[in-house]
Structures are given as C-alpha cells and as structure tokens.
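Remarks on the structure that follows.
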C-alpha cells in the first residue's frame, strides 16, 4: 500500500490529503464535516485505491529484464496502431502534472449603513465588493507512453504526443521521469521506470 493511500485510509476524514494536494478549501470542508459525513472520505479512498492499481507497471518482469540486459522486447499493445514493420519496445504508465488556478469562493467587503423607513422595513446604502478567492490545484493527467522503432507516443486525453525520433529536440532523465522537448514545447512526464525508458530510447537511436 502506498503512503498516500495509507494516509487517506487512516486520516482521510480530517481532509489531510486535500491539504497535502494544496486543496485547502476542500480540506477545511472535510475537517469540519468528518470527511463530508464519511461519504467523501470513502469515495476518495476507493478512488486512490484504483489509482494505485493503475500506477503499477504494465510491462512484465521478463520485458524489464531484457531491457536491463540491453535487449529490446517486442510488446503486443492492444489499441496501439503501428505501421508496417513497426514494433513497440516500451510501454508504461505516465503522468503529466499541471498547476491550475481555480476560484474557490468569494469574500465580501465594504461599508454602508441601514436607513429605517418604517417598522420592519429598512434600506441599506453604501457599496460592497466581492473579492475572488483563488488557490492553485494540481491536476493530474494520466496516460500511457510508448516507444516504437520509429516514434515516441504518449496516449492521453489532455496532452497527446505522437512524434518521430527525428522531431525530438532533446530528451533528458529526471529523478522520477523524463523531460521531452519538441521544438519550443517541453513535457515533464513522471514514469515508474525512467531508466528503462532511456535505455530503450538510446538503443533504438544508436541503431538508426
């Protein structure tokens, strides 16, 4: 069980996981409503449980061993359209994170006074302004990244990538993923096995 899943399971009713994700408004709401009366807490736990199973590498142990030994496995990937003679040598889960500023509420401010017209009826004068409350929320975009004999493909709804090797400007390994630059655009993609990705890319590129 990963640490985030454990935190939600034990302390999710306090909203601590939302505070960790910088979703402070939702965290405060959970804190004072026992995780929205328990239902929100359970929903978040089940959702994280599904995510944990999705995070597991989709490559077999045998394929990983082949790559570590400098060999390329030929992977059968359902729903991946390959050209004639093209083969897939790497496939794994990837994540692209984007920080987005969202409106979480409004704060009223202003001065004024009440003018009594008759008993039980008054009129308020003056002005009141509403201040927008914003907070940054990290949005996770999941996908699957592939390396074929000719292309790097990232299958994702929000950030799809389908690029041939000669169009790659630069590729570098990060601590927990890769940075792929295509022209003036760069993508930081979090991977479970960035070392294996770089090995496969290097083997194919050097053989061209």
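FYI, it's all coordinate maths here, none of it is from the lab. As the structure is a computational prediction, the values presented were derived from the model and not from experiment. Note that each Cβ is placed from the backbone with ideal geometry, even for glycine, and that neighbours are counted across all protein chains shown.
Listed highest first by mean packing, meaning other Cβ atoms within 10 Å per residue, what order do 13-19, 167-173 come in?
Descending mean neighbour count gives 13-19, 167-173.
Among rounded, prolate and oblate, which fits the range 139-208 when a ≥ b ≥ c are the square roots of the eigenvalues of its C-alpha gyration tensor, a/c under 1.5 means rounded, and a/b larger than b/c means prolate?
It is prolate, given that a/c is not under 1.5 and a/b is the larger ratio.
When 102, 200, 132, 77 are ordered from fewest to most other Cβ atoms inside 10 Å of their Cβ, what list results?
With the sparsest Cβ surroundings first, the list reads 132, 102, 77, 200.
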